Amino acid sequence: RLSADEANPARLALAKFYISNQFAAEALGMVNLMQANDPRLAGDAQLQTIRAAAEYMMGRYRDAHNDLAGSAFDNDRHAAFWRGLIEAALENFGDASKDLAQAQSVFHRYPPEWRARALIAEARAAVSTGALETADSALAHMPDALPRPLMLDGELARAQLYAQEGRYRDASRLFDAVEQSGDEREAARAIYSGTIAGLAAGAISQDAAIGTLDKLRYRWRGDALERKILRKLGSLYFAKSRWREGFETLRIATLNFPN
C-alpha cells in the first residue's frame with residue numbers, strides 16, 4: 001500500500017485529467033481524498049483552484065467563491081481566471097472585471113471553449129459596468145468553431161452590448177435569433193434580456209413586459225434566471241400599483257429561493 005506522499009502525485013495527475021475533461025464531481029472527489037489523507041494540503045493553492053473549478057462546473061458558485069476567497073490567491077493568474085468566471089456567475093460584475101483583467105495573460109493556456117466562456121464573462125461584466133469598448137473587444141476575440149450553446153451565449157452577450165449602446169433594433173434582431181435557436185436555456189435568457197432591453201429603450205410597455213415575464217416564469221424554472229424573472233416581475237407589478245400580484249410574486253420567489 002502506498003503512503004499519502006507516494007500516492008498523491010498520481011492522484012493530482014488524475015484530478016487534473018478529470019477537471020480538464022470536465023468530470024467535475026470526479027475531480028472534486030480526488031481533491032477531497034488528497035486533502036483528507038494529508039492535512040498539509042488543506043490550503044494548497046493548486047488543489048483549491050481545482051476544487052473551485054469543479055464547484056463552478058457543478059453550478060455551486062458560492063462554494064467556488066469561498067474556495068478562492070483567501071488573499072493567498074490574489075497574485076495567482078489561474079485563480080483569477082476562475083475567480084472571474086465565478087464572480088460573473090454570481091453577477092458580482094465589478095469583481096469579475098478585475099479578476100478577468102488580471103487573468104488575461106493566461107487566457108491562451110485554456111482550451112477554446114473555456115477561453116470563450118471567460119471572454120463572454122468579461123463582456124457581460126464590462127456591459128454591466130459600462131465599459132462598452134472592453135465588452136466589444138472581448139467579443140471580437142471569441143474563438144471560432146464553438147459548440148452551439150457557447151456560440152448562442154456569445155450572440156446574447158453581443159445583443160446586450162448593442163442594447164447598452166442604444167442600438168436597440170440591432171439588439172432586438174439578435175435576441176429574436178437566439179430565442180428561435182431551439183436551445184431552451186438560451187431562448188429563455190434571450191426573452192428575459194430582450195424584455196429588459198425593450199423596457200429600457202421604450203420599445204415595449206410595462207404591461208407587455210409583465211405579460212411576457214409572467215409566461216416566462218412558467219417556462220423556465222429552478223435557477224438564477226427564474227429568480228431574476230420573479231424579481232423583475234414583482235417590481236413591474238408594484239410600478240403599476242398591482243400590489244397583490246407583486247407581493248404574491250415575491251412570496252413565490254422567497255419560497256423558491258430561501259437563501
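Sorted into 10 angstrom bins from 0, the C-alpha pair distances of the chain split as 7, 26, 31, 22, 11, 3, 1, 0 percent. A straight chain from Leu33 to Gln104 at 0.36 nm per residue would run longer than the Cα-Cα distance by 22.4 nm. Ordered by 1.4 Å accessible area with all protein chains kept, Arg185, Arg158 run largest first as Arg185, Arg158.
Could you please tell me the mean projected area of the C-alpha convex hull for region 112-174, averaged over all directions and given in square nanometres to one decimal? Mean orientational projected area (region 112-174, Cα hull): 3.8 nm². The calculated FRET efficiency for the pair Ala201 and Ala69, based on their C-beta separation and a Förster distance of 45 Å, comes to about 0.70. Which angle from 0 to 90°, rounded to the nearest 10, does the C-alpha axis of helix 206-219 make with the longest principal axis of the chain? The two axes meet at around 40 degrees. Here region 141-230 is treated as an ellipsoid with the same Cα gyration tensor; its semi-axes, largest first and in whole Å, are 21, 17, 10. In a simple Cβ point-charge model (Lys, Arg +1; Asp, Glu -1; nothing else charged), the chain has a dipole of about 660 debye relative to its Cα centre. Here's the list of lysines a cross-link from Lys232 could span, going by alpha-carbon distance under 29 Å and ignoring same-chain residues fewer than 8 apart: Lys98, Lys215, Lys240.
Per residue, the convex hull spanned by the Cα atoms of region 8-77 measures out at 83 cubic angstrom. Mean residue ellipticity, 222 nm, helices only, the chain: the sum of -39500 (n - 2.57) across DSSP H runs of n ≥ 4, divided by residue count and rounded to 500, is -24000 deg cm²/dmol. Sparsely packed loop sites in region 106-182 (the GluC sites (Glu not before Pro) outside DSSP H, G, I, E and B with at most 16 other Cβ atoms within 10 Å) comprise Glu165.
How tilted is helix 184-201 with respect to the longest principal axis of the chain? Cα atoms for both, answer in degrees (0 to 90, nearest 10). Approximately 50 degrees, to the nearest ten. Here the chain exposes an accessible surface that is 49 percent carbon and sulfur, computed with a 1.4 Å probe and the other protein chains kept in place. Spatial offset of region 120-186 relative to region 198-258 amounts to 23 Å, using the alpha carbon center of each. Dipole of region 1-94, Cα-centred, from +1 at each Lys and Arg C-beta and -1 at each Asp and Glu C-beta, to the nearest 20 debye? Once rounded to the nearest 20, the dipole reads 140 debye. Relative to the longest principal axis of the C-alpha atoms of the chain, give the angle of the C-alpha long axis of helix 77-89, reported between 0 and 90° and rounded to the nearest 10°. Here the helix axis deviates by roughly 30 degrees. For region 1-55, the list of trypsin sites (Lys or Arg not before Pro) that fall in a loop by DSSP and count at most 11 other C-beta atoms within 10 angstrom reads Arg1. Express the Stokes-Einstein translational diffusion coefficient of region 33-152 in µm² s⁻¹, to the nearest whole number, given a Kirkwood radius over alpha-carbon pairs, 4 °C and a viscosity of 1.567 mPa s. Value of D from the Cα-based Kirkwood radius: 88 µm²/s.
The values are calculated or read from the model by the stated rules, or taken from the named source; none is laboratory data. Just so it is clear, the model here is predicted, and its values are computed rather than measured. Don't worry about glycine lacking a Cβ; one is built from the backbone with ideal geometry, like all the others, and counts go over all protein chains shown. With ligands, DNA and RNA removed, areas are computed over all heavy atoms of the protein, side chains included. Shrake-Rupley method; radii C 1.70, N 1.55, O 1.52, S 1.80 Å.
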